[in-house]
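The values are calculated or read from the model by the stated rules, or taken from the named source; none is laboratory data. These figures come from a predicted structure and were not determined experimentally. Using ideal geometry, Cβ is built from the backbone for each residue, glycine included, and neighbour counts are taken over all protein chains shown. These accessible areas exclude ligands, DNA and RNA; they are computed on the full protein's heavy atoms, side chains included. Shrake-Rupley method; radii C 1.70, N 1.55, O 1.52, S 1.80 Å.
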Amino acid sequence: MGSISLLMALLLVNTLLLASQLGPQWFVQGTLGSTWLALEAPLIVGVFALLPRQRWSTVTAVATACTLMLLTTVVFADALFRQSFGRPLNIYLDVHLLSSVANLLTGTLGPLGAVLVAVVTVIAAVLVTGSLALLLCRLGVRSKQLKGRAAGLMLLACFVVLTGLRTTSTELPVLARRTALPAVTVATDQARHLSRMLDERRVFLAELENHTASYADLPGLLQGLRGGDVILGFIESYGISALDDPRYAPILRPRLDELARRMATASLHLTTGSLVAPTQGGLSWLSHGSLLSGIWIDNQLRYDLLLASGRETLIDDFSRAGYRTVALMPAITLAWPEGERLGYDRILAHKNIDYSGPPLNWVTMPDQFTWSFLQNRVRDKTASDPRPLFAELSLISSHAPWTPILPVLDDWDSIGDGSIFAAWENAGEPPHDLWRDTERIREHFALSVDYAVAAMTAYAERFIDEKTLLVVLGDHQPAPLITGDDASQVVPVHVISGDSELVQRFTDWGFEPGAFPHPTRSPRRMDAFRDWFVRAFSGQEIEVNTCVSHLQ
């Protein structure tokens, strides 16, 4: 029984520590990864095989089991972050995302499904932790026997030899190449992240001192817009990979060719560039914050510091120039105090949007309805408020799980309150079926971005005129699952207006006439946008080469 307990304990500890390989790797790629042995496993089990049977050893076994479960959770979360956001987990900054995970589960599985997943997860964690504690205790029972001591010593020797090979050899044997130290690696990474974040506040405040905070004294603030409406739209997960990756280009590039043709037919002017986003796979508010503030916001701490600083943003610039400012955010289903801090005149979140259609998995409403609502309920001017409009909107149809894929309706008058979209409530593959096949996920990603661009094209063709400037860009690249691990964080930016002079300002900044960005020109970061935009459309002009690119 002692040998069986030892083997079972070794297998369970190893499996827990390799959660980053045996969990996300299997789910996403259908493989178990290249690592077979977590070197901490023989160390832990070997030590317990040598412990005498004492009351304190039982307490130690329970504490060790709980610690291993906590480490497993961190290791698993770290692997998910790498697959989802293209970066490692930072506990110091990312703990707040637990609420976002809950919202995503609720939106995808429904409230009952989300609760069921949470309950099953907790029960499984408790059962696994209890089983591991019991196995480690049993090892202590047999520790006085020579056989148990020999097994413990062998496991410790295995740990010492393999760890030594990893640290001293450049050419590893096959077995050593299949080993890792996941718990040590994650613990070291988190300590390094904490150290960096403790210094981030000082660095960020220094950056604030070196950037223009307010354009109140700038002559002719935004007068170059000639009092026309300005619409700033962020398309979810629309990255440059949609245009450059051979898996997606055959779908998206013809759509952009069509965009160029239809804009020309409608006598609209189109230019396209690209910007570097501060995030990938999610955390869209970091991109919004960077573009609006003119400060590089690539983590949650910098975002929180920005909000706490009271620094003005592009929203304040438009307000000071006599615009009414509106945020149209259909994905926001909870309180959004950040929006209040940013100073919009009006915030239209999910609860404030009169949508009578069904949610489409995570997507609360399709993009075409959002565009229609913008035109019919937001852009309407009244005698009591004739000011021009600055509207920022989030377009979320290309958000995971990328099912169902809707058509763009030709009859915009039929959209109304969105009831017409009930026909697609149960259309398409269920997310839990679609996400079993990586290739199908990628296909649906491309189709959903294609829909988002098609809806934008149809809106611009019908509703954009010489008194409107439309700027539409991706909020970030999709997750590494879609782009691959080495993809850039560049996103396309399309600018459309019936006024050629408005569009020409962007072309002078380095954008390319048409629907595609310049293939070789180095893109600026999103934080370069605010300073350039305000100066370019105000009494003072700036030359392209005077704008700091902030490239890293």
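Some observations on this one:
- ARG440 versus ILE420: modelled label distance in nm, points set 7 Å from Cα along the beta carbon direction: 3.0 nm
- Heavy-atom accessible area with a 1.4 Å probe sorts ILE332, ILE295, largest first, into ILE332, ILE295.
- Per-residue HN-Hα couplings for segment 59-65 [Karplus 6.51, -1.76, 1.60; θ = phi - 60°; Hz; x = Gly/Pro]: 4, 5, 5, 5, 5, 5, 4
- Dipole axis of segment 419-496 (+1 Lys, Arg; -1 Asp, Glu on Cβ), positive-most option in GLY474, ALA446, SER488: GLY474
- Sorting the segments 206-212, 238-244, 478-484 by their residues' average number of neighbouring beta-carbon atoms within 10 angstrom, most packed first, yields 238-244, 478-484, 206-212.
- Accessible surface, 1.4 Å probe, highest first, among residues PHE463, PHE421: PHE463, PHE421
- Annotation for segment 233-290 versus segment 353-429: alpha-carbon center distance of 19 Å.
- Residues CYS66, CYS158 ordered from highest to lowest accessible area at a 1.4 Å probe: CYS66, CYS158.
- Using a probe of 1.4 Å, the accessible surface attributed to THR520 totals some 110 Å² when neighbouring protein chains are kept in position.
- The portion of the accessible surface of segment 340-497 made up by carbon and sulfur, rounded to a whole percent, is 46 (1.4 Å probe; DNA, RNA and ligands excluded).
- Solvent-accessible heavy-atom area per residue, rounded to whole Å², over segment 438-526 at 1.4 Å: 33 Å²
- Accessible area of GLU258 in the full protein assembly, 1.4 Å probe (Å², nearest 10): 50 Å²
- Net charge of neighbours whose Cβ lies under 10 Å from the Cβ of TRP285, counting Lys and Arg as +1 and Asp and Glu as -1: -2
- Inter-probe distance in nm under a simple model that places probes 7 Å from Cα toward Cβ, at ASP465 and HIS432: 5.1 nm
- Estimated FRET transfer efficiency when R0 is 45 angstrom, pair SER3-ARG247 (beta carbons, to 0.05): 0.35
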